[in-house]
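> After the structure tokens below, expect a handful of questions from me.
The values are calculated or read from the model by the stated rules, or taken from the named source; none is laboratory data. Owing to the predicted nature of the structure, the values given are computational and were not obtained by experimental measurement. Note: ideal-geometry Cβ built from the backbone for every residue, glycine included; neighbour counts use all protein chains shown.
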Amino acid sequence: MGQKVNPIGFRTGVMVGWKSRWFAPKQEFSDLLVEDQRIRQFIKKRKDRFGKPMYPTIAKVEIERTRDEVKVALFSARPGVLIGRKGERVEELQSELQKLTGRRINIKIEEISRPELVAQLVAEDIAEQLAKRSSFRRTMKRSMEQTMDAGAKGIKIQLAGRLGGSEMARREKQIAGSIPLSTLRAKIDYGFTEAKIAQGHIGVQVWINQGMYSEDEIDGVDAQEGKAPKKPKRSYKR
């Protein structure tokens, strides 16, 4: 058995901030946690009448709660598609989320300038190509080249399922550059999605090494400041 850890969960609270930021008493905590999950699932899985995702290219959803409202931040490579003509799609999403949760929703859209360096968007692009019956090896190679050309330090792609329509499911992976998964200071982004093809589902996993975290980006407690001094600051004379 392989013992694998999600790179984002491994760094959350140490190098990376939480995706849900709020405080609740013990009685309400579980309900609000489920509500956060429902908001994320609704945004990710909402389809239009042609069966295509209504809100595509969303890398992550961050949620903040205050006493009065719920702030939902969407990080997307194509914010224009989410906003729609004169902001009608955002208003529609806002009203639907308010019906879902029964709370006041405030939506904020952030643009991702370099989607080639975001693992979730790379994984969804690979899944989209596989659904169009593209060769999986060619798709993996093209995605790796694009990510490395964009300035990544390393990338690892792993596909699992009935690749190429074969009878037996198997796993294929390709690595370029360095992927130090156990190094906490390494800025490893991770994305997962499933490609729906005629033979079944293919799991797509992507790890991208974006370099090292600088001291300004660390969200955890500073170890140097928290360390107890070896000698007292003042020396007392008898």
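> Tally up the residues in the stretch 213-231 that are surrounded by 13 or more Cβ atoms within 10 Å (Cβ to Cβ) and either at pLDDT 90 or above or of a type in the set (V, I, T) (or both), please.
Counting residues in the stretch 213-231 that are surrounded by 13 or more Cβ atoms within 10 Å (Cβ to Cβ) and either at pLDDT 90 or above or of a type in the set (V, I, T) (or both) gives 1.
> While we're looking at this one, here's another question. Just to check your reading of the model, which residue among V34, V81, V90 is β-branched (V, I, T) and modelled with pLDDT of 90 or more?
Every option except V34 fails the conditions.
> Do you know which residues across the stretch 11-54 are touching a helix residue (DSSP H, G or I) at 6+ places or on another chain (Cβ under 6 Å) and surrounded by fewer than 13 Cβ atoms within 10 Å (Cβ to Cβ)?
Scanning the stretch 11-54 gives a single hit, A24.
> Taking only the stretch 126-184 into account, find how many residues are closer than 16 Å to E116 by Cα and surrounded by fewer than 13 Cβ atoms within 10 Å (Cβ to Cβ).
Selection size over the stretch 126-184: 2.
> Right, something else. Report, by residue number, each residue of the stretch 28-59 that is within 19 Å of N106 (Cα to Cα) and in a strand (DSSP E or B).
I58, A59
> Restricting to the stretch 7-27, name every residue that is assigned to a strand (DSSP E or B) and in contact with a strand residue (DSSP E or B) (Cβ under 7 Å, 6 or more places away or on another chain).
Listed by number, the residues that qualify are S20, R21.
> Same structure, new question: Does the stretch 4-11 contain any residue that is out of contact with any Ser or Thr (no Cβ under 8 Å at 6 or more places or on another chain), in contact (Cβ under 8 Å) with a residue 60 or more places away in the chain and among the aromatic types (F, W, Y)?
Checked against the condition, which is being out of contact with any Ser or Thr (no Cβ under 8 Å at 6 or more places or on another chain), in contact (Cβ under 8 Å) with a residue 60 or more places away in the chain and among the aromatic types (F, W, Y), the stretch 4-11 yields at least one hit.
> Looking at R185, R114, R171, R162, can you tell me which residue is over 27 Å from I8 (Cα atoms) and among the basic types (K, R)?
Only one candidate passes the filter, namely R162.
> Hey, among A77, A73, A24, which residue is in contact with a Ser or Thr (Cβ under 8 Å, 6 or more places away or on another chain) and not polar (S, T, N, Q)?
Going through A77, A73, A24 in turn, the sole match is A77.
> Provide a single number: the residues in the stretch 118-131 that are touching a helix residue (DSSP H, G or I) at 6+ places or on another chain (Cβ under 8 Å) and farther than 17 Å from V61 by Cα.
Of the residues in that region, 4 qualify.
> OK, next. For the stretch 90-99, which residues satisfy the criterion of being surrounded by 13 or more Cβ atoms within 10 Å (Cβ to Cβ) and more than 11 Å from R46 (Cβ to Cβ)?
Hits for the stretch 90-99 are V90, E91, Q94, Q98.
> In the stretch 185-199, which residues are in a loop (DSSP other than H, G, I, E, B), small (G, A, S) and surrounded by 13 or more Cβ atoms within 10 Å (Cβ to Cβ)?
Scanning the stretch 185-199 gives no hits.
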